[in-house]
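Taking it in order: structure first as structure tokens, then the write-up.
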Amino acid sequence: MRYTDQDRNALVTLTDALHEISVLEARLQTLPEREKVEKLKQKLSKDGDNSARQQTSAQEQRTDVMRLRREVDNLRERERRDRRQLGLETDTQRRKELRCELSALLRRLEDFEERLQRAERTATIFDEPLPGVDNSEHQTQIIEAEEALERAECALQEEIDAAQARAEQARAVMTPSVLEVFERGVDEHGVGAARLRGGMCQGCRMGLDPQVLRDLRQAPRDELQHCPECNVILLFDDEDLAT
């Protein structure tokens, strides 16, 4: 198939533009700004989980403290009641029994008071905020990171849009039959044309043997050439055909 110098220049522009778009779109998905946003959100989520667990534990400790306080209050009330009863009792045997019961009650009261003190200390610890956790500051960091990501995305998108505009301009000036061959290569191989560098097709990365390079040197300049391995259009200059 014959093609003009304008077709060749358009093929070079279109091939370079599509390659640039592919690279830019890949960069768009792997921006370091995007990774930073994701890490900050993961950290916030983790801190939120830790905070939720701490709040649950704190509530459990407060419930335990309230239960122990009620138990201590009940035991103290029983102590006061038993002491009054002991003071009123005149029977020797009964007074002896009451003193034994009061002694057992006091031991139990002492045990519950110690448990209450431990529970109150633990509850105080759980009520303290987690060290190093400041969600408001973290939210600010996420907002700033998202703004940086948006700026980076916009900058890349502008480059993509510019490359797409160059690609469309190249398509517009290309001979329809040449463009059809190019687009068929894109559909079948992912690329419509590829440069020849160092005797190697940059489309399939296969090296061409010396005879093929000699045939390309001798072929008419206005004849469309294809890679014998992947069949895409080959783009080359004289120095690319050196053996």
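What net charge do the residues around Q85 carry, taking every other residue with its C-beta under 12 Å from that of Q85, with Lys and Arg at +1 and Asp and Glu at -1? The partial results should precede the final answer.
Working: positive: R78, R80, R81, R83, R84, R94, R95, R99; negative: E79, D82, E89, D91, E97, E101.
Charge balance near Q85 sits at +2.
Output the DSSP H helices from the chain with an along-axis C-alpha extent of no less than 30 Å and a mean Kyte-Doolittle hydropathy no less than 1.6.
The qualifying helices: there are none.
For D187 and L31, calculate 0.36 nm times their separation in residues minus their Cα-Cα distance, and state this gained length in nm to one decimal.
Length difference between fully extended and current span is 53.3 nm.
At a Förster radius of 45 Å, what calculated FRET efficiency corresponds to the Cβ-Cβ distance of E97 and Q42, to the nearest 0.05?
For R0 = 45 Å, the calculated efficiency reads 0.10.
With each run of n ≥ 4 DSSP H residues scored as -39500 (n - 2.57), what mean residue ellipticity at 222 nm is computed for the chain after dividing by its residue count and rounding to the nearest 500 deg cm²/dmol?
Computed mean residue ellipticity for the chain: -27000 deg cm²/dmol.
For the chain, what is the per residue volume of the convex hull drawn over the alpha-carbon atoms, in cubic angstrom?
Details: hull volume 50.0 nm³, N = 243.
Dividing the Cα hull volume of the chain by its residue count gives 206 Å³.
Going toward the positive end of the dipole of the range 146-208, with +1 on Lys and Arg Cβ and -1 on Asp and Glu Cβ, which of S177, L156, L196 do you reach last?
The residue sitting farthest along the positive end of the dipole is L196.
Pick from S177, S103, S22: which is most flexible by mean-square fluctuation in a GNM of the chain where alpha carbon atoms under 10 Å apart are linked?
Checking each option, the largest mean-square fluctuation is seen for S103.
At 0.36 nm per residue, and after removing the present C-alpha to C-alpha distance, how many nm does the segment from E239 to R78 gain when stretched out fully?
Contour length minus the Cα-Cα distance gives 47.3 nm.
Exposed loop trypsin sites (Lys or Arg not before Pro) only (DSSP loop, at most 11 other Cβ atoms within 10 Å): please give the longest stretch of the chain free of them, not including the sites.
Between exposed loop sites, the widest span is 1-204.
Values in this text are rule-based calculations from the coordinates and carry no lab data. What you are looking at is a predicted structure, and each value in this text was computed from that prediction instead of being measured. Cβ: placed from backbone, ideal geometry, glycine included. Neighbour counts: every protein chain shown.
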